[in-house]
Amino acid sequence: MKLFMRKTGHYQLLGDLKYFIPNPLPPSEPSLKLNSQIIDLYGQASFALGSLNEMSARLPNPSSFIKAYVIKEALLSSAIEGIHTTLIDVLSLKSANIKPNKDTLSVVNYIDSLETAIRMIQEEKLPILIRVILKAHEALMSSKGGSPASPGQFRKQSVQVGNLVPPPAPEIPRLMSDLEKYINDNSDLPPLIKAGLVHVQFETIHPFLDGNGRIGRLLIVLMLINNQLLNLPILYPSYYFKKHHLDYYQKLDKVRTQGDFEGWIIFYLQAIRDSSIDALRRTKEIENLNKELKIIVREDASLKKMRDTANLVLDFLFANPITSVSEISNNLNKVYNTVHNILKVFIKLNFISEKIVNKRNRIYRFEPYLNLLEKEYDII
C-alpha cells in the first residue's frame, strides 16, 4: 500500500526533545481525498446515526434513558485510559451511600464533564469554544476524583505520549485558537468528517497534562450534537475505539508520521457506524421492554388501586435503575408506603431485585434494564 507523503506539521528541537507542531486544519498539500471507501462509509455512518436519532425520538420519555448512555460512554472512554469500574458501581453511588473508589469517581467526573459541556452549548447557546473545553476539563479533573493535574488549564510543561512529544507549552494557546476557529468556521467538508479531523488534531496538540483522550472523545459527541447530527448524547463512539484500541492509537499516529488522514477517517467512520448500530439495537430493546412492562402494570390486578403511581415508579426506574424507596418517594412526591408496596409487587413480577445494604438501607435493582445496558451484541 502506498504511503502518504503529506506533511502534517514540523518538528522543533528544544534541548534534547523534538516537539511535533501540527499544521492547522484542514489537511492540505494534498487536501483530504474523499475516496470511494470514505464516501461509502460516510453514507453508512450517516444512515446509522439518522436511524438512532429516529429511534430515540420514538421513546416515550427519552430523557429517562440519556443517563445510562452517558454512563456507558464514560465507562468505555475511561477504560481506554486504564480506568476501570462498572455500570453497577456508578449507578449505586447515590442509593447505596457507599464511598466510591478513585476509578469510579473518575467516571463520575467524566459524566459531569460531558453534561457541563452540553449545557454550555445547548442552554447557554455557546459555540464549541476553548472556554467550553476548559470547563469540561475542569469538571473531568475535579478533585472529587481524577488527577489534580491543573484542572481547566492548558499544560505548562512538556509531555511525551509514546513516540510523540506534543507541542511545547507556549504553542498550545495558538494551536487551540486555530482549532477553535476550524470547529466553528464553515467548511466544505461534512460536519461528521470534520469532527473526526478535530479529534485527531486535538490528540496531537495534547493540550492538558492529563485527560486528553477523554476530552478528545467527548469533543466528537459535542460536535455531532452541535451540528444536529445527534439529538441526544446517546452515542458511545468509545465502544469501537476500545474494541480496537491498538488500531485506534496506530491510526492516530499515522496521521503524524505518514500524513494518513484518510486512513484515520475510514477508521473513525467505522467507529461512528458501529457505535450507532450498537446503540440503536440497545434502544430498540429498551423500547420493547418499556412496552412489555407497561402492559403488565396495566393488567396486573394487585396494582389496580395504585396503577398511576406504579407507572410513575416504572418511569423513574428507567432513569434510575438502582434506587431506594426514599429516593423514589422524594423524587415523585409520593407516600413512602405506597412506593414500598409497589416495589414489593415489582419484585414478585421480576421487574426488580432487592439488596440489603444494611439494617436501614435497601436498594432495588431494575434487573431487566440493567441486563440490556450491559448486553454484548454479536460483532457487527
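Taken together, the values in this text are just the output of simple stated rules run on the coordinates, not laboratory data. It should be emphasised that the depicted structure is a prediction, and the values quoted were computed from it without experimental measurement. Here Cβ is always computed from backbone atoms with ideal geometry, including for glycine, and neighbour counts include all displayed protein chains.
Structure notes:
- Sorting the segments 251-259, 340-348 by their mean number of nearby beta carbons within 10 angstrom, highest to lowest, gives 251-259, 340-348.
- Charge dipole magnitude, Cβ of K and R +1, D and E -1 - the chain, Cα centre, debye nearest 20: 1000
- Cα-based reach from Lys344 at 19 Å (exclusive), listing lysines while leaving out same-chain residues under 8 positions away: Lys294, Lys304, Lys305, Lys334, Lys355, Lys359
- Relative contact order (%) - criterion: Cα under 8 Å, at least six apart; region: the range 300-372: 32
- Working ranking of peptides 200-209, 240-249 by packing, defined as the average number of other Cβ atoms within 10 Å per residue, highest first, is 200-209, 240-249.
- Taking the Cα centre of the range 300-372 as origin and assigning +1 to Lys and Arg Cβ atoms and -1 to Asp and Glu Cβ atoms, the resulting dipole is close to 320 debye.
- Between 0 and 90°, nearest 10: helix 191-205 axis offset from the chain longest Cα axis: 70
- Crossing angle, helix 212-226 versus the chain [Cα axis fit, 0-90 degrees, rounded to tens]: 70
- Dipole-positive endmost among Leu175, Val165, Thr85 within the chain (Cβ charges, Cα centre): Thr85
- Rel. contact order, % - alpha carbon contacts under 8 angstrom, at least six apart, the chain: 22
- Built amide H within the under 5 Å cut-off of Thr85, gap 5+: none
- Three-way shape call for the range 254-325 based on the alpha-carbon gyration tensor, with the a/c threshold at 1.5: prolate
- Dipole-positive endmost among Ile352, Leu246, Leu235 within the chain (Cβ charges, Cα centre): Ile352
- Given (1) 22.8, 78; (2) 24.7, 75; (3) 19.4, 57, the label whose value is Rg and Dmax of the Cα atoms in Å derived from this model: (1)
- Semi-axes of the equivalent ellipsoid for the range 101-257, Cα gyration tensor, largest first, Å: 21, 20, 17
- Placing unit charges on the Cβ atoms of the charged side chains and taking the dipole of the chain about its Cα centre, the candidate lying farthest along the positive direction among Asn330, Ala117, Val255 is Asn330.
- Protection proxy ranking, highest mean first, for peptides 33-45, 321-333: 321-333, 33-45, where packing is the per-residue count of other beta-carbon atoms within 10 Å, averaged.
- Helix 307-319 and the longest principal axis of the C-alpha atoms of the chain enclose an angle of approximately 30°.
- Alpha-carbon centroids, the range 326-354 and the range 26-91: separation in whole Å: 34
- Dividing the convex hull volume of the alpha carbon atoms of the range 300-372 by its residue count gives 85 Å³ per residue.
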